[in-house]
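Quick note: the coordinates plus some simple rules give every number you see, no bench work behind them. Fair warning: this is a prediction, and the values are worked out from it, not measured in the lab. Virtual Cβ from ideal backbone geometry, glycine too; neighbours counted across all protein chains shown.
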C-alpha cells in the first residue's frame, strides 16, 4: 500500500499521483494520512484504485469518481462524490450538504447522517445512508435509488422524476409531487440487495417507498398562472 502524508505533501501531489496510476497501474492501494479536512481529495479518479483516507475530508471529496473505491474514515464536507459515475465511496462518519449531487452511477454509502440536499439532482447513483438526512433531499432526483435507515427532513423528493426513495424512519414532509407508494415484492428484493451491498443489517419490510406522482411531467394550461 502506498501512503501519502498530507501533513507534508499537497493535495495537488496526492491527486497527481493518483491520476498517474491510469497510465502505470503500479500501485492499486493507497492510504492518505493526516487529511486535516482538506478539500478536493481523490477527485476525478478513472481507474479501479482503492483509496483510504484516514481522517476527516473537506469539500468535494471523491468528486467525479469513476471505477475507484474511496473510503473516508471520518466526516466529509459539502458535495462528497458529486457527479460520481461509477465505483464506490464510503463515509465512515457523517456527510455535509449535497452528498452525491448530480451523480450518475456507482454506490455512495454514508454510515452516519447526511445534511440537506442529499442526492440533489441524482441521475442514477445509489445512495445508502445509515442515519438521517436533511431537508430538500433528492430534489429533482432523476434516476437511481436513495435508501435512508433513519429519518428525512422537510420537502423530501421535491419535483423528483424517477428516483426511488426508501425511508425507514419518519419523513417530516414530502416535497411537490412526491408521494408514498406501495412496497411490492420487487421493491423489497431491490432494497434488500442495496442494504446488503452497503453492509447494513436492516429489515426491508420496515421501510416505506416514495416516488413521483408524475403530475409535473407535462405543462398543463390550467396551471399556467402558477408557472
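General remarks:
- As a size descriptor, the averaged projected area of the C-alpha convex hull of segment 1-140 was calculated at 6.7 nm².
- Over segment 80-173, volume per residue of the alpha carbon convex hull, in Å³: 57
- By the beta-carbon count within 10 Å of each Cβ, the least crowded to most crowded order of 139, 200, fewest first, is 200, 139.
- Across segment 1-45, the mean sequence separation of Cα contacts (distance under 8 Å, 6 or more residues apart), normalised by length, yields a relative contact order of 59 percent.
- Look at 80, 221 and count the other Cβ atoms within 10 Å of each Cβ; fewest to most, that gives 221, 80.
- Extension gain, residue 67 back to residue 19 (0.36 nm per residue minus Cα-Cα distance, nm): 16.0 nm
- Column: log10 I(q)/I(0), Debye, Cα scatterers of segment 86-141, q = 0.30 Å⁻¹: -1.22
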